[in-house]
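Beneath this line is the structure, given in structure tokens, with notes to follow.
The values are calculated or read from the model by the stated rules, or taken from the named source; none is laboratory data. Just so we're clear, the structure is a prediction, and the values are computed from it rather than from any experiment. Glycine also receives a Cβ, built like all others from the backbone with ideal geometry; neighbour counts cover every protein chain displayed. Just so you know, the surface numbers come from the protein's heavy atoms only, side chains and all, with ligands and any DNA or RNA stripped out. Shrake-Rupley method; radii C 1.70, N 1.55, O 1.52, S 1.80 Å.
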Amino acid sequence: MAAFDNSMNRIPIRVLEACTSFITCDVLTLDYFDRLLKSAAPRGINALTLFILPDSYYPETSARKDWEYEVGLDWPSEAYPQYRNPHCPNAQPDTEYVPELIRRCHAADVKFYLRTINNKHRWLYPEHDDWRALQLQSDGSIEQSEACCWDIPEFMEYYYGLLGELLRRYTSGPDKADGIILDQQKCFGPYVNPESRERFREIMGHEMDLKQPDEIMEYWSIRNAQRVKETVDFCKAISSSLEVGVTLEAEKREHFDTGCTGMLHSKFNHRTTGVDFVHHQIIDHPEDECFYIWEHLCNEGPTWVMLDPTAADAGWNKGYWGWQPRTPDSIREEVEKVKRVRDKLSHPENLVGITEFPISRLPLDHPNLAACSEIIGRG
């Protein structure tokens, strides 16, 4: 095991993640982020990630608005103006603030990353229900998923058109995003669309057997890795200096080892995807499970850890998905856990980032936000 002096080595990338349209604080504007930077950067925060393509995962974030409030594209899309989020200031040309936010981040020596949801675009339905993934259920039935199927060429044409527009808008010029994190790359179950059955035959060498869901998910781990690699190449063709990461969303050991979310590690990893870093989201992972996963990831390359969620007590009246409300003490304990596990890794130097998500649920005077800035900033 490599020697590692924890007292002399902070986690290099210390990140707060926000969203263009989380709604506890109503709709976010440049003023929120400007005041956040002035508070967080002196405490050691050196990167901001902006979740710019949300799909309203968090309806409980506001009792005043329903989940549809967040749905849509959070920039002034010219290719798909019909899908702009009408409630997000950044989606309107006259109130777009991300270019100025990038400039102010860089002026404060804070790097800026975009993060996107990539296949769960509910604004497409019902117009494009034929793009939706057909998901094999445990009882053998097949139902439409909320996600689109990556093997459908028409969806991929839309996807790359959307991604290309986003990148050309925010990753060119003197003040441009430093990187992008590809989220929602996983599958929510075995997808068995006709297009996938055809690709399965090409890759696996035989017909798809619906009685073998594990093999279908092995196919998807191979296919997802190929597609992410194509996306990395696509991004870098537009902006060669762009750092490209991929999120392993709430990836537990059983997902990591079996590929039941289409991310079997032996098939989906740094090498097969070509990403610059892997971004692992943890929720209720015990230390031994963190060690198991990060040992594999850090043996192969740079890895970020994302703590989720920041504060279930910000505007919520109940637990969400079993999450417990966070406090400054629990945030501190989470960060200390990450550092304890890091120090046991064979390649601790490859645990390069730690993210707290999503701070934009929190008013600027919320004690958890101050705790995030201070504790994450210390690294």
> If you go through the range 189-211 one residue at a time, do you hit one that is surrounded by fewer than 19 Cβ atoms within 10 Å (Cβ to Cβ), under 18 Å from the mean Cα position of the chain (by Cα) and of a type outside the set (A, V, I, L, M)?
Replying inline: no
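Return the only residue of Gln135, Gln185 being in contact with a strand residue (DSSP E or B) (Cβ under 9 Å, 6 or more places away or on another chain), at pLDDT below 95 and closer than 21 Å to Glu249 by Cβ.
Details: Gln135 fails: at pLDDT below 95.
Of the residues listed, the single one that is in contact with a strand residue (DSSP E or B) (Cβ under 9 Å, 6 or more places away or on another chain), at pLDDT below 95 and closer than 21 Å to Glu249 by Cβ is Gln185.
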>> Quick check on the range 68-116: of everything there that is hydroxyl-bearing (Ser, Thr, Tyr) and more than 21 Å from Ile45 (Cα to Cα), which residue is surrounded by the fewest Cβ atoms within 10 Å (Cβ to Cβ)?
In response: Thr95
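This table checks each residue for (1) under 22 Å from Val352 (Cβ atoms); (2) modelled with pLDDT of 75 or more.
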{"residue": "Thr20", "(1), (2)": "no, yes"}
{"residue": "Arg35", "(1), (2)": "no, yes"}
{"residue": "Ala41", "(1), (2)": "yes, yes"}
{"residue": "Pro54", "(1), (2)": "no, no"}
{"residue": "Glu60", "(1), (2)": "no, no"}
> Given (1) in contact (Cβ under 8 Å) with a residue 40 or more places away in the chain; (2) part of a helix (DSSP H, G or I); (3) farther than 18 Å from Pro302 by Cβ, where does Ala237 come up short, assuming only one miss?
Replying inline: (1)
>> Can you tell me how many residues within the range 117-150 are within 22 Å of Ala79 (Cβ to Cβ) and either β-branched (Val, Ile, Thr) or open to solvent by less than 30 Å² (accessible area, probe 1.4 Å) (or both)?
In response: 11
> Can you name the residue in the range 333-377 that is open to solvent by 10 Å² or more (accessible area, probe 1.4 Å) and among the polar types (S, T, N, Q) and is also nearest to Phe291 (Cα to Cα) among such residues?
Replying inline: Ser346
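Farther than 18 Å from Thr258 by Cβ, more than 21 Å from the chain's Cα centre (by Cα) and open to solvent by 30 Å² or more (accessible area, probe 1.4 Å): does that describe Glu215?
On the way: farther than 18 Å from Thr258 by Cβ: no; more than 21 Å from the chain's Cα centre (by Cα): yes; open to solvent by 30 Å² or more (accessible area, probe 1.4 Å): yes.
No.
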